[in-house]
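Working notes, structure below.
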Amino acid sequence: MGIILPDAYDLIKLDSVDSTNLLAQKYIEEGRVEGPLVIVADEQTHGRGRYDRQWVSTKGNLYCSIVLKVNRPIVQLSQLSFVVALAVAEAIGEEQKVSVKWPNDILVDGKKVAGILVQSFNIAKNRADIVIGIGCNIISYPEKTDFPATSLKKEKMAVSRDALVEKIVTALEKHYSIWLSGFVGIKQLWLTKCAHLDKEIVVKGKNYQQKGIFRGISEIGELLLECDDGNKIENITIGDVFFED
């Protein structure tokens, strides 16, 4: 039967591609995107995540990019990662097992099952073309990773790739609508799903490492880290979160 999406969406399904995000970017640059677009591939040969890290893209998992034309101020675009994270978490289901990790990971029982990469193009004062890359481990997962990983199959939460795409788009429309009314609703929902709220974490960047207590996110999605025994809150924009044992 295939993937069924709302009428406004165009769909491209591919056996193989270098990267769904790169293809989406190409379509934008060529002026071929008129409305919402979903690109799905069975495999990627050069999948990438944050910081241009390789995203292992073997067949059987979800590799998807969603293109949206967003009419919002530039400063608000960073909030979209949290909108998408909520949508993916909802699509996966089993609310008691699924959580989110700053800034763009979805966890099942504390292990990473999905990741998000949001990129902006043609940025103007109050508009941009947004590419949302989503990868989800449905039947397999990489074993040698800095942060523990898992798959939906291993967690006995298996779902078909096509069904998951449909659920993500449906949930994204819902949470995107909430976001259009302001970030406060998305922020509150995201914090209720957060795996590390008010817990001790370590934030690791390219040239730094900072330990503290996660106290939430700012209005532009910065991580709020309580340091120095509560005497200081640091606003962190870049880094990876790791849990203290």
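A few comments on the model shown:
- Residue check, Ser151 over 25 Å from Leu23 (Cα atoms), small (Gly, Ala, Ser) and not in a strand (DSSP E or B): yes
- Per-region count, the stretch 61-106, residues in contact (Cβ under 8 Å) with a residue 12 or more places away in the chain and out of contact with any Gly (no Cβ under 8 Å at 6 or more places or on another chain): 29
- Cys136 meets all of the listed conditions (1) under 28 Å from Gln76 (Cα atoms); (2) more than 19 Å from the chain's Cα centre (by Cα) but one, namely (2).
- Residues in the stretch 118-148 that are closer than 16 Å to Val165 by Cβ, among the aliphatic types (A, V, I, L, M) and not in a loop (DSSP other than H, G, I, E, B): Val131, Ile132, Ile134.
- Residues in the stretch 177-197 that are part of a helix (DSSP H, G or I) and either under 24 Å from Phe242 (Cβ atoms) or in contact with a helix residue (DSSP H, G or I) (Cβ under 6 Å, 6 or more places away or on another chain) (or both): Ile178, Trp179, Phe183, Gly185, Ile186, Lys187, Leu189, Trp190, Leu191, Thr192, Lys193.
- Test: residue in the stretch 106-115 that is acidic (Asp, Glu), on the phi > 0 side of the Ramachandran plot and surrounded by 14 or more Cβ atoms within 10 Å (Cβ to Cβ): yes
- Being under 26 Å from Thr145 (Cα atoms) and basic (Lys, Arg) holds for only one residue in Lys26, Lys101, Lys69, and it is Lys101.
- Looking only at residues in the stretch 185-205 that are over 25 Å from Gln76 (Cβ atoms) and either in contact (Cβ under 8 Å) with a residue 40 or more places away in the chain or among the hydroxyl-bearing types (Ser, Thr, Tyr) (or both), the one that is surrounded by the fewest Cβ atoms within 10 Å (Cβ to Cβ) is Lys199.
- When the residues of the stretch 209-245 are filtered to those that are free of Cβ contacts under 8 Å to residues at least 12 places away in the same chain and part of a loop (DSSP other than H, G, I, E, B), the one that is nearest to Gly182 (Cα to Cα) is Asn231.
- Complete set of residues in the stretch 21-78 that are in a loop (DSSP other than H, G, I, E, B), surrounded by 17 or more Cβ atoms within 10 Å (Cβ to Cβ) and at pLDDT 90 or above: Val33, Pro36, Asn61
- Checked against (1) assigned by TED's automatic domain parsing to the domain that holds Ser99; (2) crowded, with 17+ Cβ neighbours inside 10 Å, Gly212 passes all but condition (1).
- Any chance Leu37 is among the hydrophobic types (A, V, I, L, M, F, W, C) and over 19 Å from the mean Cα position of the chain (by Cα): no
- The stretch 149-175, residues that are loosely packed, with under 14 Cβ neighbours inside 10 Å and not basic (Lys, Arg): Ala158, Ser160, Ala163
- Any chance Lys156 is free of Cβ contacts under 8 Å to residues at least 12 places away in the same chain and on the phi > 0 side of the Ramachandran plot: yes
- Residue in the stretch 84-103 that is within 15 Å of the chain's Cα centre (by Cα), in a loop (DSSP other than H, G, I, E, B) and at negative phi present: yes
The values are calculated or read from the model by the stated rules, or taken from the named source; none is laboratory data. Predicted, not measured: the structure shown is a model, and the values here were computed from it. Reconstructed Cβ throughout: ideal geometry from the backbone, glycine too, with neighbour counts over all protein chains shown.
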